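So the structure is just underneath, and the comments pick up after that.
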Amino acid sequence: MKVHHIGYLVKRLGRSEEAFRKLGFTVEKDVVYDDVRDVNISFMRSGDYRVELIEPASKESPLYPLLKNYKNSPYHLCYIVDDLEAARSELEKQGFMVIRDNEPAPALGGREVIFMVSADIGIIELVTESAGDGDF
Ligand code: NI
């Protein structure tokens with residue numbers, strides 16, 4: 001499966017963007033507030049690599065508790081799949097477990113995503129290919 005992005009949990013999004021700029025990344029999509037997860041999200045890119053910077057917007061964010069374990073670090077890879085439901089049930093057969101079922105991702109043009117976890121590689125995210133409406 002093709003990787004869509006690397007998801008980074010960050011404490012201060014602006015400062016993380018600055019740090020990634022020093023490594024040659026540029027902003028691909030400016031900050032979007034994701035009201036499903038109460039986080040601010042931006043995307044940056046360098047060549048074939050895209051990072052998603054995810055900053056919990058408040059202590060109420062379901063992602064906030066993760067900051068304790070992860071601090072500023074990558075915590076999921078997002079994979080592009082042809083069919084969300086088919087990919088989910090195939091991966092379930094392979095031992096992956098759903099941790100957040102289908103939910104829209106405002107920062108990805110409202111497309112639905114699924115989060116799953118493997119005891120051996122941690123959290124993954126699944127998303128379908130962009131319809132090519134200017135999004136990615
Ligand atoms: Ni993601």
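Rolling a 1.4 Å probe over the protein heavy atoms leaves residue 128 with an accessible area of roughly 40 Å². For the stretch 52-95, trypsin sites (Lys or Arg not before Pro) are listed when DSSP marks them as loop and at most 13 other Cβ atoms sit within 10 Å of their Cβ; the list is 59, 71. Relative to the dominant Cα principal axis of the chain, helix 84-93 is inclined by about 70°. Using only Cα atoms and rounding to the nearest 10 degrees, what angle (0 to 90) does helix 13-22 make with the longest principal axis of the chain? Orientation of helix 13-22: about 80 degrees from the principal axis. Placing pseudo-labels 7 Å out from each Cα toward the beta carbon at residue 97 and residue 18 gives an inter-label distance of 4.0 nm. For a straight C-alpha distance cut-off of 28 angstrom, the lysines reachable from residue 2 (same-chain residues fewer than eight places away being disregarded) are 11, 22, 29, 71, 93.
Inter-part distance, the stretch 46-74 to the stretch 16-33, computed on C-alpha centroids, equals 13 Å. Model label sites at residue 58 and residue 71, defined 7 Å from Cα along the beta-carbon direction, differ in position by 2.8 nm.
Excluding ligands, DNA and RNA, the accessible surface per residue across the stretch 94-136 is 50 Å² with a 1.4 Å probe. Taken along the Cα-to-beta-carbon direction at a fixed 7 Å, the label points for residue 1 and residue 80 span 1.4 nm.
The values are calculated or read from the model by the stated rules, or taken from the named source; none is laboratory data. Model, not experiment: these values are computed from the prediction. Neighbour counts are summed over all protein chains in view; Cβ atoms, including those assigned to glycine, are modelled from backbone coordinates with ideal geometry. When the accessible area is computed, the model is the full protein with side chains, heavy atoms only, and any ligands, DNA or RNA have been set aside. Shrake-Rupley method; radii C 1.70, N 1.55, O 1.52, S 1.80 Å.
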